[in-house]
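The next block holds one structure in the form of structure tokens; read it before the comments.
The values are calculated or read from the model by the stated rules, or taken from the named source; none is laboratory data. If you're wondering where the values come from, they're calculated on a predicted model, not measured in any experiment. Neighbour counts run over all protein chains shown; Cβ positions are idealised from the backbone, glycine included. Note: areas computed on protein heavy atoms with side chains; ligands, DNA, RNA excluded. Shrake-Rupley method; radii C 1.70, N 1.55, O 1.52, S 1.80 Å.
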Amino acid sequence: MRTMLCLLLAFTSSVAWSQANSPATQAIEAAAEALGGKQRIEAVKTLKILGYGQLAYQDGGGNISSSPLAPQKWININAHQRTLDFPNERMRLQQRNVQDFVFAYDRNMTGAVRLDQSLDGDIAYNVGPDGKSVRASEGTMRARRIEMLNNPVSIVRAALDPRAKLGRLTRDGSVNIVDFTTKHGEQMSLALDVQTHLPAWVSWVAPHANFGDVTYRTNFVGYQREGDRDRTPILLPSGYNTVSDFRNVVQYKLYVDKYVIDAPEDSLPGATQQMIAAAVPPDAERPNVEAVPVAKGVWYLKGRGNSTLFEFDDHLVLYEAYGSESNALAIIAKARQTVPNKPLTHVILSHHHIDHTGGLRAAVSEGLTVITNRENVAYVQEVTSRPARHFPDALARSGRKANVVAVDDRLELKDGSMTVQVLRVIGNSHFADGLIAYVPRDRLVAEGDLVDEGWNLVWWGNSYPDTVNFWKLEVEWDLPVHGNIHTYSEVIAMLKKQTHGAELLCARARGAELSVQGCPVSNTLDQYGHDGSLPVPTDSFSARP
Ligand SMILES: [Zn+2]
């Protein structure tokens, strides 16, 4: 027994010794020295990062088209303030988000979206505009822990922690890379410049509903001396640039105005008893889907984002796999339950934006063939063939590949029971390549983002009547992905009101001598009557010889 204990002690101490003297440990210690000294770095209590920057809208999947060459839409970050409280393991992020492209809510375009996000140990919560705190999910908590590591001081401290497990040191060009597992279990890679020993970048893998596993890398650039004059300065980057391995999209840019080190007022308060006791919301809630019969063989499936189900002689077709894996799987299950004796075979995508394709991987995992514009075929194949090894989702578990049907302008799905015309959307400045589904018999349209009763402004209100008039449809009912069923006259009234909302925003901006994207409003809908009809051209009345 004593021998075993001795052996055990010898073994553990040799592990401790080898880690302490390993090239990886030496590299991390050199990095701490380069930043300002190991003691100085480990003694930092609080660090506040003030600045501004930009975020890639919808992680690069929300652009005008699904092409990798499409111009990136940006969300501007203003009044960014990230405070890190090391002894308490707390973080708070405050910033304002402003969309740098036309969108459907006044608040997104005026910077009225104020984020106030906190982390206290393993408790993540958000403070809303009403001042109320709301507990955030486990997944959000994990993402914030990574955010907290996303700067040189945090990541080097995490690697110096005796509870961290350091891997081997590998050389890659001008950097040495140390892979390590933090005391909380996050797997991080830290690259250290071989010349300066400063952290060059940090990298990690995170789950994504649309893209499977995504590897992110934050580059630290422009190191400068920061801190009080009477203390040893710490070298910190002037710029942060996070790139994802989905098309190398620049996910996040931060331009630092100023760092504040160890200001006593930056010690963050802990989560309240109420937050500690609050229920943790699930990362993926499976909604209760309601199947609303709309016409013979047509159901409106109401989940978190709606789908429409069409019944053919011997199979079923769905319009849209919205939101998330859990929403899409709940919608698909409801479709199968609604018509249990026929297989669900196809899903039609309204357009490529990542909220609308949040259930695409799930739909493919359930064996559905995807119907989309020809321009989106490569995108569908790209996102459904990305692996999810670190964070397996339904698609990774199924091992399935996407079958895709390309639509050029028009595709008619027709048999004895049902006719659905799948038609290209016309004149849309929100997405270039979209599809509606039209049932001539019932004069109904299923669509995504042509109208939404929740919007308070719209810049592409023309697109719905343009599409209806181009295809010479006689629409009575609108079955939207967002909101509720409306008559077509109600749709036109909403679009006119929301377009007027955009004009009012532009007038406010003009009054304040500020420029706002999309102003002046180009698509006014003035040419359309209240029922969406176009005036009969006077030409057609002219006398002919
Ligand atoms: Zn939408």
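Computed values, structure above
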quantity	calculated
Span from the the stretch 207-282 Cα centroid across to the the stretch 456-503 one, whole angstrom	41 Å
Rounded accessible area per residue of the chain, 1.4 Å, Å²	47 Å²
Principal-axis tilt of helix 2-21 within the chain, Cα atoms, nearest 10 degrees	70 degrees
Within the stretch 400-508, percent of DSSP bridges classed antiparallel, to nearest 5	80 percent
The chain: antiparallel DSSP beta bridges as a percent of all, rounded to 5	90 percent
Amide hydrogen neighbours beyond the local backbone of L479, cut-off 5 Å, H modeled	V445, A446, E447
Angle in degrees between helix 138-149 and the longest Cα principal axis of the chain, rounded to the nearest 10	50 degrees
Cα long-axis angle, helix 325-338 against the chain (0 to 90 degrees, to the nearest 10)	40 degrees
Separation of alpha-carbon centers, the stretch 301-334 and the stretch 356-431, rounded to whole Å	13 Å
Peptides 473-480, 511-518, 108-115, 145-152 ordered by average Cβ neighbours within 10 Å, highest first	145-152, 473-480, 108-115, 511-518
For the stretch 161-178, Karplus couplings with θ = phi - 60° (6.51, -1.76, 1.60), whole Hz, Gly/Pro x	4, x, 7, 6, 10, 8, x, 7, 9, 10, 9, 9, x, 8, 10, 9, 10, 10
Net length gained if the chain between D442 and V405 were fully extended (0.36 nm per residue, minus Cα distance)	10.8 nm
Extended-chain gain in nm, criterion 0.36 nm per residue less alpha-carbon gap, T369 and N456	27.8 nm
Approximate spin-label separation N469-S267, in nm, with each point projected 7 Å along Cα-to-Cβ	6.7 nm
Relative contact order for the chain, counting Cα pairs under 8 Å that sit 6 or more residues apart, in percent	11 percent
Theoretical FRET efficiency, 1/(1+(r/R0)^6), r = Cβ-Cβ of T170 and K296, R0 51 Å, to 0.05	0.20
Positive minus negative residues near P162 (Lys, Arg vs Asp, Glu; Cβ under 15 Å)	+2
Inter-probe distance in nm under a simple model that places probes 7 Å from Cα toward Cβ, at S67 and S533	3.9 nm
Loop-resident sites, the stretch 467-534, for trypsin sites (Lys or Arg not before Pro), counting at most 14 other Cβ within 10 Å (DSSP)	K472
Proximal charge balance of G359 [Cβ under 9 Å; K/R count +1, D/E count -1]	-1
Percentage relative contact order, the stretch 267-402, counting C-alpha pairs under 8 Å, at least six apart	18 percent
T196/R231 FRET efficiency (R0 22 Å; Cβ-Cβ; nearest 0.05)	0.55
Carbon and sulfur %, accessible surface of the stretch 290-488 computed with the full protein complex present, 1.4 Å	49 percent
Computed lengthening from T487 to A112, 0.36 nm per intervening residue step minus Cα-Cα distance	131.8 nm
Relative contact order [Cα under 8 Å, 6+ residues apart], the stretch 162-267, whole percent	14 percent
Label-point separation in nm, N78 to S238, each point 7 Å along Cα→Cβ	2.4 nm
Model label zone, R336; criterion: amide N under 17 Å from point 7 Å along Cα-to-beta-carbon; scope the stretch 380-405	394-401
Trypsin sites (Lys or Arg not before Pro) restricted to the stretch 200-251 and DSSP loop, no more than 10 other C-beta within 10 Å	R229
Accessible surface of the stretch 132-201, 1.4 Å probe, proportion on carbon and sulfur as whole %	48 percent
